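The structure appears right after this line, and notes come after that.
No value in this document is a laboratory result; all are computed from the given coordinates. In this text, all values refer to a predicted model and were calculated from it rather than measured experimentally. In this analysis, Cβ positions are derived from the backbone assuming ideal geometry, glycine residues included, and neighbour counts consider all displayed protein chains.
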Amino acid sequence: MDASQGPDTPAGPVPTDSAAYEFALYEPGPAEKSWPRRLAANQTARITALVLALLGCAITIAVMLGDTIGAQGLLVGALLALVPTPLVVSAIVWLGRVRPLPWKSLLFAFAWGSCAGALVALLANSWSFDKLMDLKGQEDAELLGLTIVAPVVEECVKGLAVVLLFVTVRREFRGVLDGLIPAAISAAGFAFTENILYFGREFAASEDNGDGLGTTWGVFIARGIMSPFAHPLFTSMIGLGFGLAVLARSRPARVLLPLAGYVCAVGLHASWNGSATQGLAFLGVYFLVMMPILGALIWYTVVVRRDQLRAVEDELPGYVAAGWFRPHEPLLLSSMADRSRALRTARTMLGPEGVAHLRAYQADATLLAELRRRASRSRRGPAPEYPGQEQELLDRVWAAKPAVARVIDHTMPSPRWRYVKPPPGMPPWGPPGAMPYGGPGGWGAAGWGAPGTVPYGTPPGPAPYGIPNGVAPYGPQTGMAPHGAPTGVVPYGPPPGVDPFAPPPPGWVPPARHPAAHPAWGPVPPSGPPPWGPPRHAANGTWADLAAQASTPWGSPPAQVNGGAPAPPEPLGPPAWYARPGDSPKPPVDPTPPAGAA
């Protein structure tokens, strides 16, 4: 070591250039961040600042409403506004039970709508009304304020909650309901504060006239009972636009869909406010426009929920074959009743912490199935970010398994059946079986009489009570289980030949098994993990027909013969029967009468 370098010189080769050596030795460290940047990078500081800001908005709006309607009006209005709000919020949250959003996001949406959004709307509406009165007079100012200013301002401030969530927690937006539910929750909070103003103002006016609560009940029935979902319906259009934009692949659609949702929200709000000033026209808009739209929106969300559960049942079996899930988990996760049973089991066995782990596990598994379904149905193939998203979800699912393994092993899915129409040309039931004691001719051989006759002289052919030969007189046909399910069908799974837990067909390659497999879930296969590959999608020839894909979810891969050429397909198996929630088996009726029937 060169003594001229000094004892503190770091080990390693010395640069030949002395200037470069001096620069490397004395290079300054990274500059310190300023305190505003350090504050912005601190999550606790950000949350504290947000809570204080919303609390300040709530205090400000409470003071403003108290000056307008008085302390008694504020109290009565708040009590009456509390009646419909929990029901509305519970109904909105119920729509997202399959994959619920974090409660922090929902709480922020409600607080934004009830505090910040309501304060901004109140100030903007008051200022615009004063300006319109100076220009147009009181009557025109009220009409323009209700039909133009209020819808534009209020839908903007309510929809801003969705925009903020979309920007800050973009990873939580994975589907239609992820945008629709926060938007509706924000609107429910806004409606809560607005109802306080309307109910309190009507109560104050009734007190001045000596009517007490006489006219206040009319406003409560109109706003709290007949139309509690009005504001959530309007703003849900904005959330629907954001949710569809998440699924869109083109950049123009991602921009235009939220704008189209905002325009629809403003249009619905304007028509609603305008009809309120036209007497009986309000009832026409209510029953002919708003109620059908609300019904269609509820129907659509229920369809989306059902599709989420179907995606779990159809897509997760591929991951079962790769070792990521237990064989019974796809059915356990595809039923809300079974999910609720598992949560009750977790509450008993693991406590509140176990329930939280299981909820997160169920949400991640559902999100994984939705991601796979979306990539499978896309005609353009998986999105570029698909492999990273899938790997992240698989890691989260696997990390949660040790905490919820006991609950998964102790909870079995409930049996549920679905009838699948047999292939064309196949007899629905097949030939009848033999009698329990040997059929015609067998009785005589057993010592009961002459061959071919029954003990008391009835000739061969129809049974004494009209039941054809070969059918048991008091039960189903041979080969059928006593309660109508075909023999050989496992009560928790599909029939033979339609095995969702078998290796998937070519083109659908599940991801590799996690290298750090937990012993409770089995060792890594000795032959090595299967290759990683994208899912099949609608453009991949054989699987372009989505209806055929749904009717044959899985099956054994084709055998390879003649040096790699696929073997001819095997003949079709028996009719397919397997579980599906809410469906009951309806066996087809054989049009040909049984032989020997009267």
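When the chain is fully extended, how far beyond the present Cα-Cα distance does Met133 get from Arg347, taking 0.36 nm per residue of separation?
That pair, Met133 and Arg347, stretches by 71.0 nm at full extension.
Principal axis extents for the stretch 168-274, Cα atoms only, whole Å, descending order, please.
61, 27, 20
Compute the Cα gyration tensor for the stretch 247-302, then decide on rounded, prolate or oblate, letting a ≥ b ≥ c be the square roots of its eigenvalues: rounded whenever a/c is under 1.5, prolate when a/b is larger than b/c in the other cases, and oblate in all that remain.
oblate
How would Thr168, Thr216 line up from fewest to most surrounding beta-carbon atoms within 10 angstrom?
Exposure proxy ranking, most exposed first: Thr168, Thr216.
Separation between the Thr277 and Glu142 pseudo-spin-labels, each 7 Å from Cα along Cα→Cβ, expressed in nm?
0.8
Rounded, prolate or oblate, given the Cα gyration tensor of the stretch 294-349, with a/c below 1.5 counting as rounded?
Cα axes put the stretch 294-349 in the oblate bin.
Considering the options Leu75, Val263, Ala150, tell which one lies farthest towards the positive end of the dipole of the stretch 49-277, charges being +1 on Lys and Arg and -1 on Asp and Glu at the Cβ, about the Cα centre.
Val263
At R0 = 22 Å, how high is the FRET efficiency between Arg171 and Arg380 if r is their beta carbon distance? Nearest 0.05 is fine.
According to the calculation, E is roughly 0.50.
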